[in-house]
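The values are calculated or read from the model by the stated rules, or taken from the named source; none is laboratory data. All values derive from a computational prediction rather than experimental measurement. Positions of Cβ are generated from backbone atoms using ideal geometry, with glycine treated the same way; all protein chains shown enter the neighbour counts. Note: areas computed on protein heavy atoms with side chains; ligands, DNA, RNA excluded. Shrake-Rupley method; radii C 1.70, N 1.55, O 1.52, S 1.80 Å.
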Amino acid sequence: MVRNKKIKILCVVGARPNFIKISPLLQELKKYPKFKPILVHTGQHYDYEMSGSFFKELDIPKPDYNLDVGSGSHASQTAKIMIEFEKICLKEKPNLVIVVGDVNSTLAAALVAKKLFIPVAHVEAGLRSRDMKMPEEINRILTDHISDYLFTSCPEANKNLINEGISKKKIFFVGNIMIDTLKSQISKIKSQKYKPKIFKQLNLKPKKYALLTLHRPSNVDSKETLKNLLDTFKIISEKIPIIFPIHPRTLKQIKKFRLKISNKQLKIIPPLNYLETLHLMANSKLILTDSGGIQEETTVLKIPCLTLRKNTERPITVEIGTNTIVGQDRNKILEQVNKILFGKYKKGKIPKYWDGKTAERIGELLKQFLRR
Ligand code: UD1
């Protein structure tokens, strides 16, 4: 029991989607005078476009610690995070470690904390693609099984956890934290004054372009798959221009495989910051993506989303949202693109608790747990 001392909460982030998830949570934790949040950035993502720009735009304070681990194989990245994060846990002796999402930083930090008997809370628990070839699926399962508090974004996640034998007492359906950030920023991008430079530079008109993001190893690490996808995008871009903010991993692979993208209608641009992405998403006719978060954001924005994967850990976006799983199958992709362009695509609804109040619900629960 912690009485007069502040309750120390180590919040861990590492990669781009983590920053979007931690921002509302840190703001919420600040509202509790008893809590002392300490921010740890593992340095998994380090380029300004992949990291710094998110801190700036989302008002995330400078991390108290930056582990600077950088890129590497899964083993070396995870191991480096563990070694450095253990030192911080031993020094700070936190009352709780919060991890978010499913990246290598999530699992590494959870594992360290648990072995030091520090309680772990996992935000975005219970999502399952049932595809063990995805590194994220391994991270999700392992993190969930060692976490003490599992905060979920949809009822299906609760079911997944219960089916895996995790006690109901640890599981809390709180909603989708990414949507907190989206809701808090949406008025900015809707204001007339906000027009990202890229919108002007590329002379984009609302609903007259498609947005593409692609970075999963399953799509970009094989030459044949990547080439087939790029050829498919070329066909689509003859119907509607495609804007392609490119992830560094994908750019590296295109260069390595010496693939040529000569089509002017497929516009490759550097990674965008959060507000630019949100603006481009909200104004696009359709989105092609292999991201997890974008499947959720498009559901809330009600923009058609075609997911270039064989499965999703976020089936609610397909069942009630605007998402369709199209894999890498050219015919399936083109069929859905045509539906969208001819106004025949489904309309979606917004899932329960994707309402901008998830951080608030988590804060309230943490107050109860940490009082015990
Ligand atoms: C990671 C996550 C993935 C998430 C994605 C979001 C894991 C296993 N994967 O994938 O779940 O969807 O982040 O973007 O944790 N690189 C840079 N600059 C950077 C970061 C990376 O150039 O700031 C390049 C490096 O060449 C690096 C490669 O991108 O080797 C991959 O980075 P890594 O963090 O290993 O995985 P992501 O593909 O970004």
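At a glance:
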read-out: Sites residue 339 and residue 258 - FRET efficiency at Förster radius 30 Å, r taken between beta-carbons, to 0.05; value: 0.30
read-out: Lys, Arg +1 and Asp, Glu -1 on Cβ, resulting dipole of the stretch 245-372 about Cα centre, debye, nearest 20; value: 400
read-out: Placed amide H near residue 35: partners under 5 Å, 5+ positions off or other chain; value: 7
read-out: In sequence order, calculated HN-Hα J values of the stretch 266-274 (Karplus, 6.51, -1.76, 1.60; Hz; x Gly/Pro); value: 9, 9, 8, 10, x, x, 9, 7, 4
read-out: On Cα atoms only, tilt of 330-341 relative to the major axis of the chain in degrees; value: 80
read-out: Listed residues 297, 238, 86, most fluctuating in the chain (Gaussian network, C-alpha, under 10 Å); value: 238
read-out: Taking all pairs of distinct alpha-carbon atoms in the stretch 169-304, Kirkwood radius in angstrom; value: 16.0
read-out: Of 234/260; 34/352; 8/115, pairs whose Cα-Cα distance is over 21 Å; value: 34/352
read-out: Estimated 222 nm signal from helices in the chain, with DSSP H stretches of n ≥ 4 weighted -39500 (n - 2.57), rounded to 500; value: -13500 deg cm²/dmol
read-out: For the stretch 184-341: accessible area per residue (Å², 1.4 Å); value: 45
read-out: Carbon plus sulfur fraction of accessible area for the stretch 8-109, probe 1.4 Å, in percent; value: 56
read-out: Ratio of Rg to Rh over the chain (Cα coordinates, Kirkwood Rh, two decimals); value: 0.96
read-out: Estimated dipole of the chain in Debye, rounded to 20 [Cβ of Lys and Arg +1, of Asp and Glu -1, Cα centre]; value: 800
read-out: Selection of chymotrypsin sites (Phe, Trp or Tyr not before Pro), the stretch 81-155, meeting DSSP coil and at most 14 other Cβ within 10 Å; value: 117
read-out: Under the Karplus curve 6.51 cos²θ - 1.76 cosθ + 1.60, θ = phi - 60°, whole-Hz ³J(HN,Hα) for the stretch 14-25, x wherever Gly or Pro sits; value: x, 10, 2, x, 5, 5, 5, 7, 7, 3, x, 5
read-out: Loop trypsin sites (Lys or Arg not before Pro), the stretch 188-293 (other Cβ atoms within 10 Å of the site Cβ: 15 or fewer; DSSP); value: 193, 207, 208, 239, 258, 260, 264
